[in-house]
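Heads up: the structure comes next, in C-alpha cells.
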Amino acid sequence: MYLFAYGTLQPAANLSFFERNELTQWLTVYCRGTVGGELVHVRNSQQHIDYPGLVQVRTATSTSIVLGTVFEVINPEAAFLVMDAYEEFNPKYTTAESNTKNFYQRRELPVQTELGELIMAQVYVLNKNSDYYKKDFITEIGPVKNGDWLSYLDLQ
C-alpha cells in the first residue's frame, strides 16, 4: 500500500511530526511522484497556520499536477491512525457524514512515480463541502501555481 503526501505530511515540511510520532517505523519514502489536481493555499486565521489542499480535477483534459512524496506503508493500521488524526479525517463516518464533517477525505488515486510507474495510493483531498471549510476563519489564499508546496514555501 502507498501514501502520496503533497504538503505538511512530507518529512521535509514537518520532520518533527515524523520524529514525534515515530512514523518511520510504519512508513518508508519510496520516491517522488505526481497526482492530477490543483494545489491551493489555505489559511486558518484562528490557529495562525497555513497548509495546502489538493483539489481533485475531474476533467480528462486537465494538465494540472501536484508534486509530492510517495511512501510505502509498512503498517497501514498504525500509520493511518496517526495520519488520519493529523488530517482530521475520521474513516468511520458514513459517506454522508464524511462529506460534511471531514476537512480532508482520504481517497485512493493514481500517482505517477518518478520511477515511471503508475500506482494507486492513498491521498488526502481537501473537502470544500465540509462544515469546517465553511468557517469564517478558513480562507483559501489561492492556487499554488507550480503544484509543489515545498518550493512554494521557499517563495513566500
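Any chance you could count how many residues in the range 113-137 are part of a strand (DSSP E or B) and without any contact (Cβ under 8 Å) to a residue 12 or more places away in the chain? Looking only at that region, the number is 1. For the range 110-150, the tally of residues that are among the aliphatic types (A, V, I, L, M), farther than 12 Å from Tyr51 by Cα and in contact with a Leu (Cβ under 8 Å, 6 or more places away or on another chain) stands at 5.
Regarding the range 20-31, can at least one residue be identified that is buried (at least 20 other Cβ atoms within 10 Å of the Cβ), out of contact with any Lys or Arg (no Cβ under 9 Å at 6 or more places or on another chain) and modelled with pLDDT of 95 or more? Yes. Among the numbered conditions (1) of a type in the set (Ser, Thr, Tyr); (2) under 15 Å from Arg107 (Cα atoms); (3) modelled with pLDDT under 90, the only one that Thr8 does not meet is (2). Could you look through the range 130-156, keep only residues that are among the hydrophobic types (A, V, I, L, M, F, W, C) and within 16 Å of the chain's Cα centre (by Cα), and pick out the one that is farthest from Gln105 (Cα to Cα)? Per the stated criteria, the residue is Leu153. Pro91: of a type outside the set (Asp, Glu), in contact with a helix residue (DSSP H, G or I) (Cβ under 7 Å, 6 or more places away or on another chain) and within 15 Å of Ala5 (Cβ to Cβ), yes or no? It is false that Pro91 is of a type outside the set (Asp, Glu), in contact with a helix residue (DSSP H, G or I) (Cβ under 7 Å, 6 or more places away or on another chain) and within 15 Å of Ala5 (Cβ to Cβ).
Filtering the range 96-107 for residues that are touching a residue at least 12 places away in the same chain (Cβ under 8 Å), outside any loop (DSSP other than H, G, I, E, B) and within 21 Å of Cys31 (Cα to Cα) leaves a non-empty set.
The conditions of being over 19 Å from Thr8 (Cβ atoms), of a type outside the set (S, T, N, Q) and part of a loop (DSSP other than H, G, I, E, B) are not met by Pro110. Among the residues of the range 1-56, those that are within 23 Å of Glu77 (Cβ to Cβ), without any contact (Cβ under 8 Å) to a residue 24 or more places away in the chain and either assigned to a loop (DSSP other than H, G, I, E, B) or of a type in the set (A, V, I, L, M) (or both) comprise Asn14, Glu22. Quick check on my filter: what residues within the range 60-95 are under 21 Å from Thr24 (Cβ atoms) and assigned to a helix (DSSP H, G or I)? Correct list: Pro76, Glu77, Ala78, Ala79, Phe80, Leu81, Val82, Met83, Asp84, Ala85, Tyr86.
The values are calculated or read from the model by the stated rules, or taken from the named source; none is laboratory data. Predicted, not measured: the structure shown is a model, and the values here were computed from it. No Cβ is skipped: glycine too gets one built from the backbone with ideal geometry, and neighbour counts run over all protein chains shown.
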